[in-house]
1. Across the stretch 106-147, what is the total count of residues that are more than 25 Å from the chain's Cα centre (by Cα), assigned to a loop (DSSP other than H, G, I, E, B) and closer than 20 Å to Phe245 by Cα?
2. May I ask you to list the residues in the stretch 350-359 that are crowded, with 24+ Cβ neighbours inside 10 Å and part of a helix (DSSP H, G or I)?
3. Hey, Ser384 hits all of (1) under 16 Å from Gly363 (Cα atoms); (2) without any contact (Cβ under 8 Å) to a residue 40 or more places away in the chain; (3) surrounded by fewer than 22 Cβ atoms within 10 Å (Cβ to Cβ) but one; which does it fall short on?
4. Between a first residue in the stretch 278-294 that is surrounded by 10 or more Cβ atoms within 10 Å (Cβ to Cβ) and a second residue that is of a type in the set (Gly, Ala, Ser), which pairs have beta carbons less than 7 Å apart while being 6 or more apart in sequence or on different chains?
5. Being among the charged types (D, E, K, R) and not in a helix (DSSP H, G or I), is that true of even one residue in the stretch 69-83?
6. Select from the stretch 202-215 the residues that are surrounded by 24 or more Cβ atoms within 10 Å (Cβ to Cβ) and at pLDDT 95 or above and write down the one among them that is nearest to Gly123 (Cα to Cα).
7. I'm trying to understand the selection: among the residues of the stretch 150-166, which are crowded, with 24+ Cβ neighbours inside 10 Å and out of contact with any strand residue (DSSP E or B) (no Cβ under 6 Å at 6 or more places or on another chain)?
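The values are calculated or read from the model by the stated rules, or taken from the named source; none is laboratory data. Being a predicted model, the structure only gives us computed values, none of them experimental. Counting neighbours? That spans all protein chains shown, and the Cβs are built from the backbone with ideal geometry, glycine included.
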Amino acid sequence: MSQGRSNGKFILTNYFNKKLHYLSPIMISTVPQNLLLQNRHRGVQYSQLNTEKFMCGIVGAVAQRDVAEILIEGLRRLEYRGYDSAGLAVINDQHQLNRLRSLGKVQVLSDALDAQPITGGTGIAHTRWATHGEPSENNAHPHISGEHIAVVHNGIIENHESLHNTLVQRGYIFTSKTDSEVIAHLVHWELAQGDSLLEAFQRTIKQLEGAYGTVVLDRRDPERLIAARSGSPLVIGLGIGENFFASDQLALLHVTRRFLFLEEGDIAEITRRNIYIHDVEGMLVERNVQESTVKHDAADKGPYRHYMQKEIFEQPKAIISTLEGRINANSVLIESLGHGAKKIFQKAEHIQIIACGTSYNAGMVARYWFESTAGVSCDVEIASEFRYRTFVTRSNSLLITLSQSGETADTLAALRLAKKRGFMATMTVCNAAGSSLVRESDIAIMTRAGTEISVASTKAFTTQLTVLLIMVTALGKQKGTVSAKKEAEIIRALHLLPAHIEQALMFDKRIEVLAEGFADKQHALFLGRGEFYPIAIEASLKLKEISYIHAEAYAAGELKHGPLALIDANMPVIVIAPNNELLEKLKSNIEEVRARGGQLYVFADESAGFQASQGMTIITMPHVEEICAPIFYIISMQLLSYHVALIKGTDVDQPRNLAKAVTVE
């Protein structure tokens, strides 16, 4: 039977005696032609929608106990990824398959579960981000075929349109506009041809083109889940008399701390007591069990209002963790960067950094360091551009990838391409142990930032910069361009950095007041010079991400080449002004803004000589060592964005149209 609330909040369906999706081949002649045409037309429509997928959450469980609450809690722990709908499907003790789906937050799904309890020891759950098909209950996962097959899926099935048309010809009727529903119907079809669920699933996977992390269940085989990974991460959580699937270990920390990470092409089968993993060739393989060190309370906001606020204030501690064991009193410990790092640095003649979003901005800062401090040429490129252009591989070029999640699809694809194109070595700077970038790079340097849940990255950015500065120092030391004296100066600056960030965080209340001036603003301009230009870019990204204010960043010297046309009393201009060799030139740029009536907010070194005047607010910052100043100044920019977003009333942790992990192109 089908049950639901009239307000459309959720739908609960029992599929034990109801065929909604499938028409057998012998019945296809009785299907009205207009119905088939409608489905074909619908397939064309959703195939033309956005081809970029922000990855959402998967949780699955096989246990002796009821799993619905376990699944719900797992989805809650994955909310940081961003989503627009949620759902679960559970097999009860009578082998009935019950599905519950809702539009909106996981809490809506939880409330629906309270109203219509579902019991059973095997189930799957999902949070969806709309790409193929608008956010709706019908498009929410899990998708069901026939009376017994249910599927959840992360990724994009690129050949879904042709598969959809084939399945319609076989008599299947689609009830969603998603690409994911084809998986459910394909498994149903293949299982009807004979053999086991595993074999049917293996045949299904061979027909899929694109990227996927997907889990399937069959209510007729109620103590088994099967999953496949291709370009979208999946982990297995090991319990006692129970086992789990998830797209992120964070989802399962409330039930286990022991994990297996699936490799590319793996198909895994779990029951309460057994785990079987087949590689891309279909051979049984073993994967190493890893013990998670993520804290139990990583997803707890504690006294903070938002995760972003919590993560901003965690940065001193995060950087201390990043530095631990990598530097001593006066020097960098090269061996701590990984086996073989010393030889790689000795040989490297060029650095190619590949990243996306905030990580790309970190790479842009590091480029200045690599060239000015280590004396090694460095290029930085957006991963999605790098992988699709013709490039020349330089001699002895070291590829460095940057990623918070380690699963960023474009960055991962760029890494794989670079390995084929003859790069001397590959390194990754990452926050996720066991991720694809970590496993596939020659050397992985972990940022140790801890779990970052807010979509807008903060501590991942500053810890990436900290690691990159350590790498720059190590590289320069090996190349002979960083003297012992210079090395000691950098190390001293790194030791002082957590305390300096504590100082920056003390400006929180002042910046909160400052943010009131942005309440009615729709645009903002950030300016910086040298390595502070990418800091301005990152600052503008933060403001637009969480406050929805249109913000741009410019190298201050570029003002006269166009952006001055934007300056008026309604355009706040935020300037990052450390006391360095470009200060006097920056002051000239500031005067260009003042002369045109711009509203200036200058974050300036205490020794920079600025004085407040009409139209120019000065935020006097303590002096910090020049090498670490970019990391110091971004803290104030993060706080500014946070407080402006509060005033604007936006969803700080889960801003619209964005998600945390982008694991498909």
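1. Looking only at that region, the number is 4.
2. Within the stretch 350-359, Ser359 is the sole residue that qualifies.
3. (2)
4. That search, which allows pairs on different chains as well, returns Asp279/Gly265; Val280/Gly265; Gln290/Gly434.
5. No; the residues of the stretch 69-83 include none that is among the charged types (D, E, K, R) and not in a helix (DSSP H, G or I).
6. Selected residue: Val215.
7. Across the stretch 150-166, the qualifying residue is only His164.
The rows are residues; the columns are (1) aromatic (Phe, Trp, Tyr); (2) in contact with a helix residue (DSSP H, G or I) (Cβ under 6 Å, 6 or more places away or on another chain); (3) without any contact (Cβ under 8 Å) to a residue 24 or more places away in the chain.
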residue: Ile312; (1), (2), (3): no, yes, no
residue: Glu349; (1), (2), (3): no, no, no
residue: Ile354; (1), (2), (3): no, yes, no
residue: Val376; (1), (2), (3): no, yes, no
residue: Phe391; (1), (2), (3): yes, no, no
